[in-house]
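Below you'll find the structure, written out as structure tokens, and then a few comments.
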Amino acid sequence: MIRTAALRLALAGAIAFAATGGAQALTLYKAFLDGAQEVPPVTTSATGFALLGLVDTQDRLSLEMTVEGIVIDDVLGIHIHAAPAGANGSIAFSVYGAGIGTTDPDTVVTPAAGGFSLVSEWGPGDDSFASLADNLGALRSEGLYLNVHTLEFNAGEIRGQIEAVPLPAAGFALLAGVGALAALRRARRA
């Protein structure tokens, strides 16, 4: 189901990309989230998928995420943490906070039946925990992960290590999807 949702997001992004006439070059990243990646692992049926794009100026990281099996009312926080797989780390960026951390002003959450989706962006001024510039090395070396903290699992219910998407194997649709997300975010600010 999550992979289907990811493909739908990429296709929608490709259509939006064509409609906007293009965007900045991006380095793509992805994360598949589940309870098995938590430290220690947790038993849950919840899953998630995130697509991230680092613009070529390396000062903005866009995030588009879909979660199934967790409703947004049960979420205490969604963060990007700094640590490699198998280790817990400190919060680098607070995407959403309803009890742990704060909600970034760029974050837009859309509830759905049995889950939610969100878009956000880590950029200049979003450094109440740590700056994106200070975390670029960790991003490139798979030293960052997404974590969804819930009422039931305060330390985290699902987690996914952020990994580079190999190009050109990633395909044009993924590039277009994240590129369109970044372009639309910039257009909303203008």
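Here, each number is a calculation from the coordinates, and none is a lab measurement. Quick caveat, the model's predicted, so the values are computed rather than measured. Please note: Cβ atoms are built from the backbone with ideal geometry, for glycine as well, and neighbour counts cover all protein chains shown.
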Any residue on another chain or 5+ positions along whose placed amide H is under 5 Å from the amide H of Thr44 is listed here as Gly35
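Take the Cβ-Cβ distance between Ala85 and Ala113 as r, set R0 to 45 Å, and report the resulting FRET efficiency rounded to the nearest 0.05. It would help to have the intermediate numbers written out before the result.
On the way: r = 31 Å, r/R0 = 0.69.
Plugging the Cβ-Cβ distance into 1/(1 + (r/R0)^6) gives 0.90.
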Label-point gap, in nm, between Asp59 and Asp73 - each point 7 angstrom along Cα→Cβ
4.1
In whole Hz, what ³J(HN,Hα) sequence does the range 29-34 give by Karplus (6.51, -1.76, 1.60; θ = phi - 60°), x for Gly and Pro?
9, 9, 8, 9, 9, 7
Picking from Val71, Leu61, Pro41, whose Cα lies most toward the positive end of the charge dipole for the range 19-87 (charges on Cβ: Lys, Arg +1; Asp, Glu -1)?
Leu61
So what are the ³J(HN,Hα) numbers for the range 81-94, from phi and the Karplus equation (6.51, -1.76, 1.60; θ = phi - 60°), rounded to whole Hz, Gly and Pro as x?
10, 9, 5, x, 4, x, 10, 8, x, 6, 5, 9, 8, 8
Could you check the simple spin-label distance between Ser128 and Asn154, using points 7 Å along Cα→Cβ, in nm with one decimal?
2.0
If amide H atoms are built 1.01 Å from N in the plane of the peptide, which residues on other chains or at least 5 residues away come under 5 Å of the amide H of Val165?
Leu28, Tyr29, Lys30
Hey, what do the phi angles of the range 62-72 turn into as Karplus ³J(HN,Hα) couplings, whole Hz, using 6.51/-1.76/1.60 and θ = phi - 60°, x for Gly and Pro?
7, 9, 10, 9, 10, 10, 10, x, 9, 8, 4
